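See structure below.
The values are calculated or read from the model by the stated rules, or taken from the named source; none is laboratory data. Note that this is a predicted model, so its numbers are computed, not measured. Ligands, DNA and RNA are excluded from the accessible area calculation, which covers all protein heavy atoms including side chains. Shrake-Rupley method; radii C 1.70, N 1.55, O 1.52, S 1.80 Å.
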Amino acid sequence: SDGTILCSFFTYPDGGTMILRSVDEGQTWQQACEPLPGATDGPIIGLQDGSAMICVYGRISDGAPHSECVILKTANRGTDWEQKAVISTDHDMCEGSIAQLPDGRVVLMSRPEADVCWSEDGGRTWTRPISLGMRAFEPGLVALRNGTLLALHGSYAAGGLACTFGRDRGQTWMVPHQDYG
């Protein structure tokens, strides 16, 4: 809201997630903080309370048997990040994308099983991840003003870019059809 722009990227194989900040509309950039753990594919999102959130992934917890999604939040424009939650299941959760719905809930979708989970407390606690029953890579969530949740993602089955959406804030999902989408 003050014009600060935050940019996230990760360096492979072990550089961690870097956060850059611009306070002059992208003319110049500064490193905002020390590298965060893991990798990220989803953008940093601005939350309704003025804070920002990012999802990173990898085997971040000691002894983690699978990649997990870790939610980090900043209240000071990216200078300091606080770990809010670790989300895991019995398989890898990678490339997590997050969006905040108009009602304030935060939703996460991850690769490869299109796992979806929700937080009602700003990212501190999450529902158990539920697979949408399809395989997807690099999902990107967008919450529309009317509560529709749009997921643009790569399709393992069909190749290319696919679209899945939930009109009920992501409780049920459908693919585009000639009558909608």
- prompt: For the chain, which whole percent of the accessible surface, found with a 1.4 angstrom probe, sits on carbon and sulfur atoms?
  reply: 49 percent
- line: Kirkwood-based Rg/Rh on the Cα set of the chain evaluates to 0.96
- prompt: With every protein chain present, what is the per residue accessible area of the chain (1.4 Å probe, Å²)?
  reply: 52 Å²
